[in-house]
Number of protein chains: 2
Amino acid sequence: MAEKISGAVITRLPRYYRYLGELLEEGIDRISSRELSGRMKVTASQIRQDLNNFGGFGQQGYGYNVANLYDEIGKILGIGLTQNMIVIGAGHLGQAIANYTNYGKRGFVIKALFDINPDLAGYSVNSAPVYPLSKLEDYLKENDVKIAAICIPKTHSGEVAKRLTAAGIKAIWNFSHLDLDVPDDVIVENVHLSESLMKLSYKLNYESEKK
Amino acid sequence: MAEKISGAVITRLPRYYRYLGELLEEGIDRISSRELSGRMKVTASQIRQDLNNFGGFGQQGYGYNVANLYDEIGKILGIGLTQNMIVIGAGHLGQAIANYTNYGKRGFVIKALFDINPDLAGYSVNSAPVYPLSKLEDYLKENDVKIAAICIPKTHSGEVAKRLTAAGIKAIWNFSHLDLDVPDDVIVENVHLSESLMKLSYKLNYESEKK
DNA sequence: TCCATATTGTTAAAAATTTTACAAAAATTA
DNA sequence: TAATTTTTGTAAAATTTTTAACAATATGGA
């Protein structure tokens, strides 16, 4: 894995993983790039190219073993390692996240939520406790957590990101409407919902223009 | 706008819009592509190329008028047109969405939520009523709604998507863990949260490998 | 076992995207 | 007002990504 893998490839990996999971559930134990291509609506060539960034998982004349490929992609994605997470913001979105990732998603365990409103402390969401934000640093000193989801408005997210990285957080799943400025060794994965909705809006306009 | 605009460009538009909004708030009334480049961490050239897909909004020796460019991009994105929306699923995520888009986001008005659990009917979220899912078709017959957000598990989202498009919905904001199969003239914008988290996980592994 | 078929891994070609470079034009300064 | 500076819009070059093509190889059937 010496060569730098392009972002486009990485973005597609979880989708392969999802389809392979579905195949497993269907009891299918082997699949060719062409058949997968038909299901996923991408070219067979792209599937083979993407996978070969990480190794030759297939076999000529046979295709890919579903269970094996599923495991391999899982490993590449770091699934099954058990990653502790915290969620900043116990509002609707924070609660949705705290419930969502438990939906069977592998290895990601939400250990706690933090909220600026101290009145929420004592409650729990999906069996994860809610603490006041003031206890953030103390908590991180005593618990092995690398990932934090930021589910608070942009007015406070920049400040909180600073506190998180200062306290040792290595990856931020950012739902706030702001591009976070973090040290080089910290990863940020953005989910800008309103930008996604605007994209939908653009396409809606553009499509209706066609008629 | 005869030429087909690439997906990459469209994805970047909302981000330009966001930064221009910030500039407006800061009271800055003109900006060059180079200055914006510094803020957004993209090349000035890309900014100019992107904008010129839609027209020459700038002026040599001056740059871009912030208010004007903000408006123009807003128009391109269809902002301010007032789009009615419904949300399928009144769980945590559906409620988060119903609250979220109201956060000042322009023109998108959530008129109602629908849930398979009829006991939720009668409640309201952010002043939008919750109806039983069985009333979906009746509701869409009597209300002008083009956009639906799907916030239910994949076990039911395929079926619901069929009902939505049959009832005239033109765009689906899909939060379910499934690629929806819809007619050609219907737009789908996916938000696959667990795939986003896996991407983060990949990067976390990859980064730590570097050390 | 041998032959026809299937299918990968990979190289090469094509297409798309991004960056560079610069002429044209407006703004600012002297 | 003229000269200098700034900055766009865009053509061309460079890079990246995707698709096509195919030799190598395994499978499955006769």
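The values are calculated or read from the model by the stated rules, or taken from the named source; none is laboratory data. Predicted, not measured: the structure shown is a model, and the values here were computed from it. Neighbour counts are summed over all protein chains in view; Cβ atoms, including those assigned to glycine, are modelled from backbone coordinates with ideal geometry. For the accessible areas, the whole protein counts, side chains as well, though only heavy atoms, and no ligand, DNA or RNA atoms are used. Shrake-Rupley method; radii C 1.70, N 1.55, O 1.52, S 1.80 Å.
Summary table below
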read-out	value
Residue match in the range A:64-73 (condition: touching a residue at least 24 places away in the same chain (Cβ under 8 Å), open to solvent by less than 30 Å² (accessible area, probe 1.4 Å) and in contact with a Cys (Cβ under 8 Å, 6 or more places away or on another chain))	no
Those helices (runs of 4 or more DSSP H) lying entirely in the range A:1-116 with at least 1 residues within 16 Å of DNA strand D (Cβ to nearest atom) and hydrophobic (A, V, I, L, M, F, W, C)	A:7-25, A:33-40, A:44-52, A:66-77
Every residue from the range B:34-47 that is over 14 Å from residue B:17 (Cα atoms) and of a type outside the set (Val, Ile, Thr)	B:34, B:35, B:38, B:41, B:44, B:45, B:46
Complete set of residues in the range A:133-163 that are within 14 Å of chain B (Cβ to nearest Cβ) and under 19 Å from residue B:197 (Cα atoms)	A:144, A:145, A:146, A:147, A:148, A:149, A:150, A:151, A:152, A:157
Filter result (open to solvent by 90 Å² or more (accessible area, probe 1.4 Å) and under 14 Å from residue A:164 (Cβ atoms)) within the range A:117-146	A:135, A:141
Residues located in the range A:2-36, provided they are touching a residue at least 40 places away in the same chain (Cβ under 8 Å) and either more than 15 Å from DNA strand C (Cβ to nearest atom) or touching an Asp or Glu at 6+ places or on another chain (Cβ under 8 Å) (or both)	A:9, A:13, A:14, A:16, A:17, A:21, A:24
Residue list for the range A:145-188, filter: β-branched (Val, Ile, Thr), in a loop (DSSP other than H, G, I, E, B) and over 26 Å from residue A:81 (Cβ atoms)	A:152
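Matching residues to (1) of a type in the set (S, T, N, Q); (2) over 30 Å from residue B:138 (Cβ atoms):
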residue	(1), (2)
B:10	no, yes
B:45	yes, yes
B:55	no, yes
B:66	no, yes
B:110	no, no
